[in-house]
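A.B. asks: Have a look at this one before I ask anything.
The values are calculated or read from the model by the stated rules, or taken from the named source; none is laboratory data. All values reported here derive from a predicted model rather than from experimental measurement. FYI the Cβ positions are ideal-geometry reconstructions off the backbone, even for glycines, and counts take in every protein chain you see.
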Amino acid sequence: YPENNSAPVKLEVKEFAFAANMISETEYAQFVKANPEWSLSNLSYLVENNLVDENYLQGINLNAPSALPIRNISYKAALAYCEYLSKESGLTYRLPTEAEWEVVANSTQEKGYSTSLLTLSLLTDTPSSVMGGLWEYTSTYYLPFSRLSDYNEAQRIAKEYKVDDIVIKGGSYINTSSVIKKEDVGVTKQYQTSPYVGIRLVVEK
């Protein structure tokens, strides 16, 4: 039933600022340095408490400067990063909702689909690699049929009952534009990590 994931939903989106780039390995390394409980030396605890899986930070060297986007981190790690950055900056950083992400995807679709892992927007504030690059975490819970009912009420219920499935958007460099469209939905568990999923933040205005 493809319409479960692609049926149109009319939502009101308040003003927000969307990051031009995804969070880099170096930026995540700064978070881990300030919060050593998220380091690999604490992996057993993180796995036992369903904060990450065994592949957390696999293939990532946090000791070397890198502009590559961080990956193999979980949704729960992404939330912890948002909390850390908000405290450090005094601003409110968070993951975008699915609706916010699609607003940006619609406004940047002329950039096409990125088939590269490293795509930085250095000369412009326009977000890079919204489609392609890496799948991006959202703060939206995944519930089958939620698009065919009261979408906002479904999200409220999902939060109340601590639904584990989270929506990811945008596809990755291993996918193609013929397969992944901006309205398509990917799903991941809150503790799962993947080499094809990363973090891009919004800041509340």
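Here is a yes/no grid of residues against (1) more than 11 Å from the chain's Cα centre (by Cα); (2) crowded, with 16+ Cβ neighbours inside 10 Å; (3) under 19 Å from T140 (Cβ atoms); (4) not aliphatic (A, V, I, L, M):
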residue	(1), (2), (3), (4)
L62	yes, yes, no, no
S66	yes, yes, no, yes
N72	yes, yes, no, yes
Y75	no, yes, yes, yes
A78	no, yes, yes, no
L85	yes, yes, no, no
R94	no, yes, yes, yes
E98	no, yes, yes, yes
N106	yes, no, yes, yes
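A.B. asks: Moving to a separate point now. How many of the residues in the range 172-197 are surrounded by fewer than 17 Cβ atoms within 10 Å (Cβ to Cβ) and either closer than 23 Å to S24 by Cα or out of contact with any strand residue (DSSP E or B) (no Cβ under 8 Å at 6 or more places or on another chain) (or both)?
C.D. replies: So the answer is 9.
A.B. asks: Only helices (runs of 4 or more DSSP H) wholly contained in the range 4-106 count here; list those with 1 or more residues that are among the aliphatic types (A, V, I, L, M), in contact with a strand residue (DSSP E or B) (Cβ under 9 Å, 6 or more places away or on another chain) and at pLDDT 95 or above.
C.D. replies: Details: elements: 25-34, 43-48, 75-89.
In the range 4-106, the matching helices (runs of 4 or more DSSP H) lie at 75-89.
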